[in-house]
Structures are given as C-alpha cells and as structure tokens.
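Okay, structure first, notes after.
The values are calculated or read from the model by the stated rules, or taken from the named source; none is laboratory data. Only a predicted model underlies this, so the values are computations on that prediction, with no experimental measurement involved. Glycine also receives a Cβ, built like all others from the backbone with ideal geometry; neighbour counts cover every protein chain displayed. Remember, those area values only see protein heavy atoms, side chains included, never the ligands or the DNA or RNA. Shrake-Rupley method; radii C 1.70, N 1.55, O 1.52, S 1.80 Å.
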Amino acid sequence: MTAVGEITYESTSRYAQVRPDLKLHYHEAGVGNGPTIVLLHGGGPGASSWSNFAKNIPVLANDFHVLAVDQPGFGKSDKPTEHPQYFVHSSSALKDLLDTLGITERVHLLGNSLGGGTATRFALDFPDRAGKLVLMGPGGLSTNLFAPDPTEGVKLLSKFNFEPTKENLEAFLRIMVFDQKLITPELVEERFASASEPESLAATRAMGKSFAGADFAKGMIWRDAFKLRQPVLMIWGREDRVNPIDGALVALKMIPRVQLHVFGGCGHWAQLEKFDEFNRLATDFLLGVKEK
C-alpha cells in the first residue's frame, strides 16, 4: 500500500483527452493502492466529483486507487450538448477514459444518483470491465412504486434549469439532505457559480432532454437490472426526497447479487450525511470484509 499524502483539489486534478471531441477532468488519489474505484457524482446544478466526494476521497484512497470523474457536462469536463441518452453517453466516456489511462482490469464503481445510473449502465454495457457496484439512490435503477413522479427533488431541479436563480438552487440543495446544517452559504455560492454558467446550463438541459429522446429506454435501467452479475450494494437515505426509498424495491427484487442498506435520518447524500458509516460500509463491501 502506498502512503497517501495531503489530498487537495489541485494535487489530485487531472485531465485526459479521451476522444478527439471530448476531454474529461478527474481527480486521482491512492496511486499504487488497489483495486481501482471510480467515483461518479450526481446530476444536480453545480455538481462535480469534488463537490460530491471531496471528503470521501482521502479516506477511500487509503485502500483504493481512486478516480473521481467529472461526468461529461459537469465540473471541468467538456460539455457537449449533442449526445445519446445520458447514461450511454457518460458510461461510454468512462470506458474511453479507462482505455486512455491503460486501466484494463475490472474497476469498482461507486455512484450517487445520476452517477449510480452511469455506473449501472457501464456494468451492463461493459460487464468485463466492471467489478462491484456501490449505488446511492441511483437514477435509472430507481423506479417509484408509491412516491409520485416527478419527485420533489426532480421538480426543483427542473425549476432551477428553467429559472437559474440562487434562490432556486438553494431550495434544491435543501431538499437533498436531512441535516440542513450541511447547506451553508459557501456551498450555495460555490454551486451557483458553476451551475449558472451558460455552458453548464446548456449541458444540463441537454442531459435532461436525452431522457426523453429516441433512445430513452436506455435510461430505464431497472428493466435490465436482472442482467447484472456483479455484487451490488444499494445505499439509501430513508428521507431521500429525490429518489425515495420505495424506488429501491424493484431493483432489490431483480438484481441477483444485491443487498440494501438504509440510513435513517438521511437524505440523498449518504456519503456526507452518514460519512463515517458510509465509508466503512462501502470499503468493507468492496474489499470483501465479513462482519464478525
């Protein structure tokens, strides 16, 4: 195991030209450790790999080679607006990133919300490249049985996309968490600065539009969940108002090698609201540690 030094945004920031028309930004830590774990962030305004996982990366880097990727359209990655269904778009970009970096072995995938959908699509389309999956309130795999569609969180996301004000962003962020103290003025300012850029707004709108395009069925990942052969850990917040807990039930029924962990007093950001428990749970699952 390689010792992990100080981990900052600057020290971990990397870029890779994965296609002639697509450059991705990512953070890398724990080089020399293994196995490789890919972190995939959610799709809220101003989201990025660092905004979702900055606190988790140093912990996970003690045991893994960590790649925290800004998905296309987010963070410092390129923001194309012409692309196929978003999960196909992002998962194929991830494959190209791994190819570019020369990582041919299976990688574990940890995805939150939109990133959970990308992780699952990657495992379905490139099964020989995917190891275990840790999915937190995953988009596409979640299908509501009781909660209304669109959910509160999705409604507020749409509202910001069409009225990109700081007030609408804060309303969206507050519905993401159970612990309201996590939504600080600094967080709102940081996310708004990124989310309100014209390029970011255009990319986010294109992402949303892709879920109603000709290949929209690729986003309905729950229909193919039975095909997953990887071990899957789903993590849900009981108070999730973006992808409510009943959305886990179909996937729980269909995925052959699945387990579900539910945190009470937790919204859509389990990796932050249940920080210590989340890190232990994910690490033990990925490393195959059995409870005594």
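Report yes if E6 is of a type in the set (D, E), within 20 Å of T204 (Cβ to Cβ) and either open to solvent by less than 20 Å² (accessible area, probe 1.4 Å) or over 18 Å from the mean Cα position of the chain (by Cα) (or both), otherwise no. Don't jump to the end; show me each part of the working.
Values: of a type in the set (D, E): yes; within 20 Å of T204 (Cβ to Cβ): no; either open to solvent by less than 20 Å² (accessible area, probe 1.4 Å) or over 18 Å from the mean Cα position of the chain (by Cα) (or both): yes.
When the stated conditions are applied, E6 does not pass them.
Put simply, of L135, L157 the only residue that is among the hydrophobic types (A, V, I, L, M, F, W, C) and in contact with a Ser or Thr (Cβ under 7 Å, 6 or more places away or on another chain) is L135. Among the residues making up the range 159-170, those that are within 15 Å of E189 (Cβ to Cβ) and free of Cβ contacts under 8 Å to residues at least 24 places away in the same chain are T165, E167, N168, E170. Residues in the range 246-274 that are assigned to a helix (DSSP H, G or I), over 16 Å from the mean Cα position of the chain (by Cα) and surrounded by fewer than 21 Cβ atoms within 10 Å (Cβ to Cβ): D246, L249, V250, L252, K253, M254. The residues of the range 71-124 that are open to solvent by 10 Å² or more (accessible area, probe 1.4 Å), within 15 Å of the chain's Cα centre (by Cα) and β-branched (V, I, T) amount to a single one, V88. Only one entry of A214, A282, A195, A203 meets the criterion of being of a type in the set (A, V, I, L, M), open to solvent by 50 Å² or more (accessible area, probe 1.4 Å) and more than 19 Å from T151 (Cβ to Cβ), and that entry is A214.
Could you please let me know if T165 is open to solvent by 40 Å² or more (accessible area, probe 1.4 Å), modelled with pLDDT of 95 or more and more than 25 Å from E28 (Cα to Cα)? Even if it seems obvious, please write down each step before you answer.
Numbers: open to solvent by 40 Å² or more (accessible area, probe 1.4 Å): yes; modelled with pLDDT of 95 or more: yes; more than 25 Å from E28 (Cα to Cα): yes.
Yes; evaluated as a whole, the condition is true for this residue.
Just name the residue that is nearest to G75 (Cα to Cα) out of those in the range 10-27 that are of a type in the set (A, V, I, L, M, F, W, C) and out of contact with any Lys or Arg (no Cβ under 8 Å at 6 or more places or on another chain). Lay out the reasoning, then the answer.
Here is the first cut: in the range 10-27, the ones of a type in the set (A, V, I, L, M, F, W, C) are 16, 18, 22, 24.
If we keep only those that are out of contact with any Lys or Arg (no Cβ under 8 Å at 6 or more places or on another chain) as well, we get 18, 22, 24.
Values: V18: 16, L22: 14, L24: 9 Å.
Per the stated criteria, the residue is L24.
Got at least one residue in the range 5-19 being touching a helix residue (DSSP H, G or I) at 6+ places or on another chain (Cβ under 8 Å) and at pLDDT below 95? Scanning the range 5-19, I find at least one residue that is touching a helix residue (DSSP H, G or I) at 6+ places or on another chain (Cβ under 8 Å) and at pLDDT below 95, so the answer is yes.
Looking only at the range 7-27, how many residues end up being of a type in the set (D, E) and free of Cβ contacts under 8 Å to residues at least 40 places away in the same chain? Don't jump to the end; show me each part of the working.
So in the range 7-27, the residues of a type in the set (D, E) come out as 10, 21.
Narrowing the set further to residues that are free of Cβ contacts under 8 Å to residues at least 40 places away in the same chain leaves 10.
The total comes to 1.
Within the range 132-152, track down each residue that is open to solvent by less than 10 Å² (accessible area, probe 1.4 Å), out of contact with any Phe, Trp or Tyr (no Cβ under 7 Å at 6 or more places or on another chain) and not aliphatic (A, V, I, L, M). Scanning the range 132-152 gives P138, T151. Of the set (1) more than 28 Å from L182 (Cα to Cα); (2) in contact (Cβ under 8 Å) with a residue 12 or more places away in the chain, all apply to K253 but (2). When M234 is tested against the conditions (1) surrounded by fewer than 16 Cβ atoms within 10 Å (Cβ to Cβ); (2) in a strand (DSSP E or B), the lone failure is (1). Looking at the structure I just gave you, is F178 in contact with a Cys (Cβ under 7 Å, 6 or more places away or on another chain) and either open to solvent by 70 Å² or more (accessible area, probe 1.4 Å) or hydrophobic (A, V, I, L, M, F, W, C) (or both)? The answer is yes for F178. One residue stands out among those in the range 36-64 that are touching a residue at least 60 places away in the same chain (Cβ under 8 Å) and of a type in the set (V, I, T): the one that is most open to solvent (accessible area, probe 1.4 Å), which is V59.
Going through the range 9-35 one residue at a time, which ones are open to solvent by less than 40 Å² (accessible area, probe 1.4 Å) and among the charged types (D, E, K, R)? Within the range 9-35, E28 is the sole residue that qualifies.
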